[in-house]
Amino acid sequence: MSTALDTYLIAAQKGINNKNHRTYSEGIFEYYQTVLKNADSNFKYSNLLKKRASFSKYKAINDLEKYLVDFESLFTRRGGRIIWAADHEEATKEIIKLLRDKGIQKTTKSNSKTANEIQLNKALENGNIDYLETEFNAFFNQLQKNKPESASVPILNTDFAHASQNIQKNFSLDERNTKQTIDYVKKYLINQCTQIRACITGVNFLVSDIGGLVICENQGNISMTTSFPEIHIALCGVEKMIPSLVDLEKFLHLLATHTSNDMLPWNTQIITGPRQEGEIDGPKELYLVLIDNKRTEVMKHVQQREIFNCIHCGSCTSVCPVYKLIGGEPYGGVYVGPVGSVVNPFMMDFHYAAHQSYACTLCKRCTEVCPMNIPIHELILQNRKEAVRREFYVTLDRLRIKQLRKMMIKRAAMDSWLPNYMLKMSYKKLFGSQKIFPDLSQHSFNVRYREKYDIK
Ligand code: SF4
């Protein structure tokens, strides 16, 4: 058994025993039950909407090169600059270099999955560049040096009363209630955003036919972050492409209805370049860091590539019984739950993360709730097939399966004590100490049926 699997099992056990995680995931689960109940009822033709959105994304992903070229030419024509990054190291190196070249010592940041994926905070700290998280939960986590639990519904893991007390302590404030503390934080963040010269944000969609970036949010912190500084650095994976502005409406509806029970995100910015001549606000310089980070590895697989239709609404994760139990830690990265199970084996080392595709009950709940009609459970099965193809199993597993197969096709062997013994010994560790491996019947179905109905 691989060390990676051992690490996974230990982290999973830790997640199961973690009461805070359990309360947090129960909270998300309940929240999403309401969100998902209402999501489809918002539209008369919700299935058609999903089909159309899914088709637009399918087009973009399957002809990505063309859409990227179109996007680049329009984006750069209006003064935006693109930094292509093959992996997370290249991305962070370029960001630090850019900030240093511009003499920037502090930047604001919005919470983003891509930033977490490239471990931007760590890189900024190592590069001696100060940063300020502007989304409330991330700001609180920064004060507490906590890792964010989820980028889709981060607000849920915040205990506001606790956060309020800590903020009062950190800023040496007089005693005040939670609302007053939140008001104080808002004013503090606005004030900081007006003074800090650079901001770093994520991106929700790249729109090919206008060369534009789309950023959605519900708190208003990103609009605030991008309005004042001279330099805006946007981070994005290449898969965020959509073909046209005409398609955008579908994605915005699906994203909002599947994350927060709204018809549209509260704030949506469409940014097509830096401040143009005659314009009175917006950053003077706009950089887009376009990250591959092994996305092309996933794209090599025609079926698995469908996972890039994902709009990161978080619905699948919140209904996943495995995630609910073990939490995000065992996935060892920013992509957790069903999406993590599909992409991690390719985006991390295959032999390091292939087992994640096996930690799935195949209940299909993720597929049922996905607004982009991604057959997630089928992609997980494809990964298992790939694992067999890549000989993920070690020789010992192969021998074990071979032996078991031999035994199982002979009734005489099955009637002995050996199969039960072998199964128990072989899968003892995988089955865990909490459960008892069930016994196989010592008699065939034929014999048991005849016995039950007294058939001679
Ligand atoms: S796979 Fe589907 S349900 Fe899961 S986050 Fe992506 S769009 Fe949402």
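Throughout, read-outs are computed from the coordinates displayed, never taken from laboratory work. Computed from a predicted structure; not experimentally measured. Note: ideal-geometry Cβ built from the backbone for every residue, glycine included; neighbour counts use all protein chains shown.
How many times 2.2 N^0.38 Å is the alpha carbon radius of gyration of region 238-336? Could the numbers behind the result be given before it?
Values: Rg = 17.3 Å, N = 99, 2.2 N^0.38 = 12.6 Å.
Compared with the compact-globule rule of thumb, region 238-336 sits at 1.38.
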- Item | Separation of the LEU325 and SER73 label points, Cα + 7 Å toward Cβ, nm | 5.3
- Please order SER46, SER54 by the number of other Cβ within 10 Å, starting at the fewest. SER46, SER54
- Message: Neighbour counts of other C-beta atoms within 10 Å: give me HIS162, HIS253 arranged from fewest to most.
- Response: HIS162, HIS253
- Message: Over region 45-293, what is the relative contact order in percent, taking alpha-carbon pairs closer than 8 angstrom and at least six residues apart?
- Response: 29
- Message: Within a 10 angstrom radius of the beta carbon, how do ASP130, ASP247 rank from fewest other beta carbons to most?
- Response: ASP130, ASP247
- Message: Give the residue list of chymotrypsin sites (Phe, Trp or Tyr not before Pro) in region 25-90 that are DSSP loop and have at most 11 other beta-carbon atoms within 10 angstrom.
- Response: TYR45
- Straight-line reach check, LYS50, cutoff 16 Å on alpha carbons, 8 or more apart in-chain or any other chain, hits among aspartates and glutamates -> ASP40, ASP247, GLU249, GLU306, GLU368
- Task: Could you check what % of the DSSP bridge pairs in the chain are antiparallel, to the nearest 5?
- Result: 25
- With r as the distance between the Cβ atoms of GLU94 and ASP281 and R0 = 25 Å, compute the FRET efficiency 1/(1 + (r/R0)^6) and round to 0.05. 0.45
- Message: How much length would be gained if the chain were fully extended between HIS443 and LYS300, taking 0.36 nm per residue of separation minus their Cα-Cα distance, in nm to one decimal?
- Response: 46.8 nm
- Query: Taking only DSSP H segments of four or more residues, each worth -39500 (n - 2.57), what value at 222 nm results for the chain once the sum is divided by all its residues, to the nearest 500 deg cm²/dmol?
  - Reply: -16000 deg cm²/dmol
- DSSP loop GluC sites (Glu not before Pro) in region 327-410 with at most 14 other Cβ atoms within 10 Å of their Cβ, which ones? GLU391
- Between the alpha carbon centres of region 219-236 and region 272-333 the gap in Å comes to 17
- Query: With a ≥ b ≥ c the root eigenvalues of the C-alpha gyration tensor of region 396-452, is it rounded (a/c under 1.5), prolate (a/b larger than b/c) or oblate?
  - Reply: oblate
- Item | Between region 15-67 and region 350-417, the Cα center-to-center distance that results, in Å | 26
- DSSP-loop trypsin sites (Lys or Arg not before Pro) across region 1-76, with at most 15 other Cβ within 10 angstrom: LYS44
